[in-house]
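Here's the structure we're looking at; comments come further down.
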Ligand SMILES: N[C@@H](CCC(=O)N[C@@H](CS)C(=O)NCC(=O)O)C(=O)O
């Protein structure tokens, strides 16, 4: 970490997309986290202690020396703002930062929502909703368009928007989603898988395990 050495407590669930996005950001910045795994099935997020810290009882949540924060994208921005304010992951120049923000908002409000609305009923109720599928197709098409002729989603450099969207989109691998109509997305995922040294540990492995569990539940 840049100047402060105390570890940040990080409450997380390895398979959760928002948690994977925060973990990739921490790895990218070499921020040391004290990993505290929360088993949502065991309702560990509903204990009195956790609830007292985060009344929204969601992961990811951090506790940075008494400062408690949740909402993955806010945590990612906080890491850069607090510890690496000049890092390219969250550019300081207003227009560049606004572009990253636009994509982060697109992720939380549009793409990740569409992914959840489609994937959750399949995984938890074995129910495939065609309307949700077509809504997701629309949003994936937007992402594919954003990525046309670009190395990264906000331009030439890797930013928080790539990490957030990558964590979201790869959730679809759990159900073997067919990406073939989104060639720019396929190339971008392939490239990031190769380029990010922490990809396999933080994103690849938990997703493969979730996929395995989903398959054996079928
Ligand atoms: N918008 C939030 C979403 C967080 C979220 O939905 N977390 C889920 C796990 S993926 C959770 O904690 N669910 C349990 C609960 O909310 O009670 C973020 O990006 O951090």
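Summary of values
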item	result
Any hit, region 195-202, residues being surrounded by 14 or more Cβ atoms within 10 Å (Cβ to Cβ), within 23 Å of residue 137 (Cα to Cα) and either touching a helix residue (DSSP H, G or I) at 6+ places or on another chain (Cβ under 7 Å) or not assigned by TED's automatic domain parsing to the domain that holds residue 113 (or both)	no
Enumeration of residues in region 99-109 that are farther than 26 Å from residue 53 by Cα and surrounded by fewer than 16 Cβ atoms within 10 Å (Cβ to Cβ)	102
Count of region 70-115 residues which are in the same structural domain as residue 12 (by TED's automatic domain parsing) and within 10 Å of the ligand (Cβ to nearest atom)	7
Helices (runs of 4 or more DSSP H) wholly inside region 143-218 that include at least 2 residues being out of contact with any strand residue (DSSP E or B) (no Cβ under 8 Å at 6 or more places or on another chain) and without any contact (Cβ under 8 Å) to a residue 12 or more places away in the chain	183-195, 205-217
Verdict on residue 54 being modelled with pLDDT of 95 or more, away from the ligand (no atom under 14 Å from the Cβ), assigned by TED's automatic domain parsing to the domain that holds residue 12 and in contact with a strand residue (DSSP E or B) (Cβ under 7 Å, 6 or more places away or on another chain)	no
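The values are calculated or read from the model by the stated rules, or taken from the named source; none is laboratory data. Only a predicted model underlies this, so the values are computations on that prediction, with no experimental measurement involved. Here Cβ is always computed from backbone atoms with ideal geometry, including for glycine, and neighbour counts include all displayed protein chains.
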